[in-house]
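Just so you know, all these numbers are worked out from the coordinates, no wet-lab data involved. These numbers were taken from a predicted model, which means no experiment stands behind them. Because the Cβ atoms are built from the backbone with ideal geometry, glycine has one as well, and the counts that use them run over all protein chains shown.
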Amino acid sequence: MAKQLTADDARQSLTAHVAAKGEEAFAKFGPHIGWKELQLILQDRALVRYPCEIVFDSTPLQADEVAHPVPKGAKPEDGFAIHVQPIFMTQLQRVPWLVLYQLVLVNYGEFASPDDAEAFGAAALGITRDEYYQGICKLADQLGCGTGC
């Protein structure tokens, strides 16, 4: 009799899959993922399933959010606007860190977890998950709202 897959098995599988996609982004666009490379990643449908644009507008964001994807229509195919806190307009070299984290929500919706976002972002940047997590926390700390990192 075949072994039944558990929710934990599915979670581990998704995390491994997003890490592999991050490694693919690093291989295609690395070793340095800056603003220009981020734009290319957003156009690559093998890495980002739906059209995305970056918008420096905090209107739909929670007080402690640095970025979040907002659907442009009723279907994912309509695309997403990834809203980023405007304070990062002057730090374009750091925006990929914020946007890469959000791309798992674009690609996998509610099934994506923070672990998945960290696995993808770290792999895409070619760094450890701990380095990525600490970098994201430093960026979030710029909001001055005590995000708990």
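Quick one: which of 134-140, 42-48, 123-129 comes out on top by average Cβ neighbours within 10 Å, and what's the full order, highest first? Walk me through the numbers on the way to the answer.
Numbers: 134-140: 17.1, 42-48: 14.3, 123-129: 19.4.
The peptides rank, most packed first, as 123-129, 134-140, 42-48.
Remark: the chain carries a charge dipole of roughly 300 debye about the Cα centre, counting +1 on each Lys and Arg Cβ and -1 on each Asp and Glu Cβ. For the chain, the square roots a ≥ b ≥ c of the C-alpha gyration tensor eigenvalues yield an a/c under 1.5, which makes the shape rounded. For Lys36, a cut-off of 18 angstrom between C-alpha atoms picks up these lysines, skipping any fewer than 8 places away in its own chain: Lys28. For the listed residue pairs Lys72/Lys138; Lys21/Lys75; Lys3/Lys72, the alpha carbons are over 31 angstrom apart in Lys3/Lys72.
Sum up the charges of everything whose Cβ sits under 13 Å from the Cβ of Ile33, counting Lys and Arg as +1 and Asp and Glu as -1, but leave Ile33 out. Charge balance near Ile33 sits at -1. Here's the picture: a label point sits 7 Å out from the Cα of Thr128 along the beta-carbon direction, and within the stretch 77-101 nothing has its amide nitrogen under 16 Å of it. For His83, the amide hydrogen comes within under 5 Å of the amide hydrogens of Val55, His68, Val70, counting only partners 5 or more places away or on other chains and with H modelled in the peptide plane.
Once R0 is set to 30 Å, what does the formula 1/(1 + (r/R0)^6) return for the Cβ-Cβ distance between Cys137 and Arg45, expressed as a FRET efficiency to the nearest 0.05? So, using R0 = 30 Å, E works out to roughly 0.45. Against the main long axis of the alpha-carbon atoms of the chain, helix 95-108 sits at an angle near 40°. For the chain, find the longest principal axis of its Cα atoms and tell me its angle to the long axis of helix 129-141, 0 to 90°, nearest 10. Tilt of helix 129-141: around 30 degrees.
Report the local net charge at Gly126: Lys and Arg +1, Asp and Glu -1, summed over other residues whose C-beta lies under 13 Å from its C-beta. Intermediate values should be presented prior to the final figure.
Details: positive: Lys28, Arg129; negative: Glu23, Glu24, Glu37, Glu131.
So the surrounding residues net to -2.
Approximating the spin labels as points 7 Å out from Cα along Cα→Cβ, the Asp115-to-Phe56 distance works out to 3.6 nm. Backbone phi angles across the stretch 18-31, fed through the Karplus curve with coefficients 6.51, -1.76 and 1.60 (θ = phi - 60°), yield HN-Hα couplings of 5, 5, 5, 5, x, 4, 5, 4, 4, 5, 7, 10, x, x Hz in residue order; Gly and Pro are listed as x. DSSP finds beta bridges in the chain, and of those with both partners inside it, around 50 percent are antiparallel.
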